[in-house]
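Taking it in order: structure first as structure tokens, then the write-up.
Since every read-out is calculated from the coordinates, none of them should be taken as a lab result. The shown structure was predicted, so the numbers you read here are calculated from the model rather than taken from an experiment. We place every Cβ from the backbone using ideal geometry, glycine too, and count neighbours over all the protein chains shown.
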Amino acid sequence: MSQPPPTDGTTPVVRTVDLQKSFGPVHVLRGVSLQVRAGEVLCVMGPSGSGKSTFLRCINQLERLDGGELWLRDDLVGYRLRGGRLHELTEREIARQRRGIGMVFQRFNLFPHMTALGNVVEGPMRALGHNRAVAEAAARRLLDRVGLSDKYDAYPAQLSGGQQQRVAIARALAMEPYLMLFDEPTSALDPELVGEVLDVMKSLAADGMTMIVVTHEVGFAREVGDTLVFMDEGVVVESGPPGIVLGAPQHPRTQEFLSRVLG
Amino acid sequence: MTSTGHGGASTLAAPPGPGQLAGLPRVPLRHYGRWVSAAVVVVLVALLVQAFAQGSIEWSVVGRYLTASAILHGLANTVIITLCSMALAIVLGVLVAVMRMSANPVTRTIAFGYIWLFRGIPVLLQLLIWYNLALVFPTVGFGPFEARMIDVMTPFMAALLGLGINMSAYTAELVRAGILSVDKGQIEAAQAISLTPNQIRRRIVLPQAMRVILPPLGNEFISTLKMSSLAAVITYGEMLETVEFIYYSNNRIIELLIVAAIWYLAVVSVLSVIQHFVERRFGRGFHALPNRKARSLGRRLKGAPQQ
């Protein structure tokens with residue numbers, strides 16, 4: 001398998017080249033090229049419909065790409081290069097490629113028929129083949145880490161939104177990912193619950209986790225983000241260190257968006 | 001001039017205003033209509049019971065035949081055919097539902113045709129067709145084995161296929177509705193933790209779909225139990241046929257029909273209890289709903305909290 005050309009000596013964790021995605025006649029991604037290095041926290045902002053969630057979902061192959069390339073570390077995603085052609089992978093192979101990627105959703109998507117502990121051990125037991133004792137010990141540690149040591153046996157319906165989202169983060173971490181994707185993780189939460197989720201994400205970033213975070217939380221992007229990408233109409237309009245993009249946006253569309261968000 | 005005090009003698013006394021209502025007795029709304037309608041239905045039911053008690057029914061005959069060995073044998077056959085055809089209906093129903101929802105247009109169309117065919121023809125007709133299949137195919141072969149259809153298509157076999165396949169068409173639609181009711185985010189979350197499509201179906205989608213499928217499936221079970229009486233026409237020795245045999249000889253028609261009715265009700269009651277417990281099992285994680293407010297005739301009857 002050929003390797004993407006390294007840029008600064010190390011292979012980026014994520015590297016996208018001209019990503020294209022359409023839903024029917026709607027061209028959602030019109031050529032997104034960027035890269036994320038190990039340990040980097042990339043925040044993605046933009047108006048709704050700008051393609052930021054779709055971009056995130058493409059990285060995890062919840063959406064198939066229509067064009068462009070996506071490399072995760074040394075692997076081409078979604079296709080196998082053989083005999084000068086790109087062969088589409090099967091669902092099983094895609095499941096295998098997703099193993100190192102954790103994803104957290106806007107609406108949590110916890111499994112309602114399983115307890116918090118059951119949600120967290122499901123992936124390690126079914127996808128990684130860990131036995132129950134090992135998986136549960138790890139799951140307890142993760143739930144402790146997100147501050148839910150008293151909620152092992154609670155069902156999602158018995159938890160607040162913030163607690164559910166923290167279980168969801170623990171569930172993603174249980175797969176021992178090298179990359180975490182967050183799709184507007186605090187947008188469905190009551191304002192007073194946002195902080196507890198952001199705190200968990202900050203501690204993850206501090207531990208060196210590579211993260212891509214689609215968010216409207218300007219404060220989080222400024223404090224935790226290494227890079228801020230501003231997307232609009234399926235392309236990256238502007239990117240750079242959050243302090244600079246937020247403080248002195250160059251592009252008129254970024255300026256307009258930020259003036260509305262920052263009010 | 002005093003303005004407080006209830007119903008003061010002074011004609012100028014104003015009714016108490018905001019902030020002055022504490023301590024006043026509160027009179028709950030009386031539901032007179034509920035009392036009237038309750039009385040009417042109780043009288044009607046009493047009349048009906050009286051009519052049956054005085055009608056020319058030998059209740060002692062009913063009692064005697066209720067546990068007769070022939071009746072119990074018929075009952076056993078009824079229960080067996082119901083369980084077997086429901087098992088067949090569930091297996092085929094899940095298969096057809098999955099085919100109906102597949103991305104493959106050929107399997108999708110075939111599943112659609114299957115449902116159209118077996119849901120569209122009356123069960124009685126289907127039973128007769130299966131039973132008389134020997135007229136179409138005199139022999140049936142499985143590889144090197146060959147048998148006469150008349151030996152294979154026993155009354156039990158015909159009843160099993162007729163009832164089971166007919167119910168499977170309904171079950172397929174139930175299962176499909178159940179699967180469609182599972183939020184798409186559940187599948188995405190399962191994909192995100194690297195579960196394979198098979199694991200997602202088994203571990204995530206079906207358990208949640210079951211919650212939606214079970215109540216109508218319980219209904220189907222009860223329908224199948226009752227429809228199994230149609231198998232009497234193809235000489236399967238279930239309860240109705242047994243009862244008919246007995247009353248042909250002793251002419252106690254109504255008494256024996258009542259015996260059968262009692263047994264059907266008994267089995268349905270048992271099924272309902274089983275359904276309750278199975279539903280509770282698959283309702284795990286969904287109990288955090290508030291209790292339904294208790295209703296009563298007049299709210300005070302049971303000392304329900306007044307509001």
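At most 11 other Cβ atoms within 10 Å plus a DSSP loop assignment makes a site exposed; report the longest stretch of chain B without any exposed trypsin sites (Lys or Arg not before Pro).
Working: sites that count: B:26, B:30, B:292, B:293, B:295, B:300, B:302.
With trypsin sites (Lys or Arg not before Pro) excluded where exposed in loops, chain B gives B:31-291 as its longest stretch.
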Inset, instruction - In whole Hz, with x marking every Gly and Pro, tabulate ³J(HN,Hα) for segment A:13-30 from phi via Karplus 6.51 cos²θ - 1.76 cosθ + 1.60, θ = phi - 60°. - result: 5, 10, 9, 10, 10, 6, 4, 10, 8, 10, 10, x, x, 8, 8, 7, 10, 10
Legend entry - Residues whose placed amide H lies under 5 Å from that of residue A:238, excluding near-sequence neighbours: A:230
Inset, instruction - Would you kindly derive the ³J(HN,Hα) couplings of segment A:167-175 from the backbone phi angles with the Karplus curve 6.51 cos²θ - 1.76 cosθ + 1.60 (θ = phi - 60°), listing them in order in whole Hz, with x for Gly and Pro? - result: 4, 4, 5, 4, 4, 5, 5, 4, 7
Legend entry - Cα gyration tensor category, rounded, prolate or oblate, for segment B:1-149 with a/c compared to 1.5: oblate
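Per DSSP H run of n ≥ 4, the term is -39500 (n - 2.57); total these for chain A, divide by its residue number, and report the mean residue ellipticity at 222 nm rounded to 500 deg cm²/dmol.
Values: 9 runs with 93 residues, N = 263.
Value at 222 nm, helices only: -10500 deg cm²/dmol.
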Inset, instruction - For residue B:117 paired with residue B:80, estimate the spin-label separation in nm (one decimal), with each label point 7 Å from Cα along the Cα-to-Cβ line. - result: 2.9 nm
Legend entry - Residues with amide H under 5 Å from that of residue A:115, placed H, sequence gap 5 or more: none
Legend entry - Within chain B, helix-based [θ] at 222 nm, where runs of 4 or more DSSP H residues each add -39,500 (n - 2.57), nearest 500: -21000 deg cm²/dmol
Legend entry - Overall form of segment B:107-258 per C-alpha gyration tensor (a/c, 1.5; a/b vs b/c): oblate
Legend entry - Amide H contacts of residue A:179 (H built 1.01 Å from N, under 5 Å, at least 5 apart or other chain): A:102
Inset, instruction - Using a/c under 1.5 as the rounded threshold, could you call the protein assembly as shown rounded, prolate or oblate? The axes a ≥ b ≥ c are square roots of the C-alpha gyration tensor eigenvalues, and prolate needs a/b larger than b/c, oblate otherwise. - result: oblate
Legend entry - Among the listed pairs A:52/A:151; A:52/B:184; B:184/B:226; A:21/A:151, those beyond 29 Å (Cα-Cα): A:52/A:151; B:184/B:226; A:21/A:151
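What does DSSP give for the protein assembly as shown in terms of the percent of beta bridges that are antiparallel, rounded to the nearest 5? Mind dumping the intermediate values first?
On the way: 28 of 45 bridges.
DSSP beta bridges in the protein assembly as shown are roughly 60 percent antiparallel.
If you take the beta carbon distance between residue A:149 and residue A:262 as r and set R0 to 35 Å, what does 1/(1 + (r/R0)^6) give as a FRET efficiency, to the nearest 0.05? Before the final figure, lay out the partial values.
On the way: r = 37 Å, r/R0 = 1.06.
Using R0 = 35 Å, I get an efficiency of 0.40.
Could you work out the relative contact order of segment A:97-234, using alpha carbon pairs under 8 angstrom and six or more residues apart, expressed as a whole percent?
Working: 188 pairs, mean separation 43.1, N = 138.
Dividing the mean separation by the residue count of segment A:97-234 yields 31 percent.
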Inset, instruction - Specify the residue with the greatest mean-square fluctuation among A:192, A:217, A:40, computed from a Gaussian network of chain A linking alpha-carbon atoms under 10 Å apart. - result: A:192
Inset, instruction - Measure off 7 Å from each Cα along the Cα-to-Cβ vector at residue A:255 and residue B:235, then give the distance between these two points in nanometres to one decimal. - result: 9.4 nm
Legend entry - Backbone HN-Hα couplings from phi across segment A:150-166 [Karplus 6.51/-1.76/1.60, Hz, Gly and Pro as x]: 9, 10, 3, 9, 7, 7, x, 5, 8, 10, 6, x, x, 5, 4, 5, 6
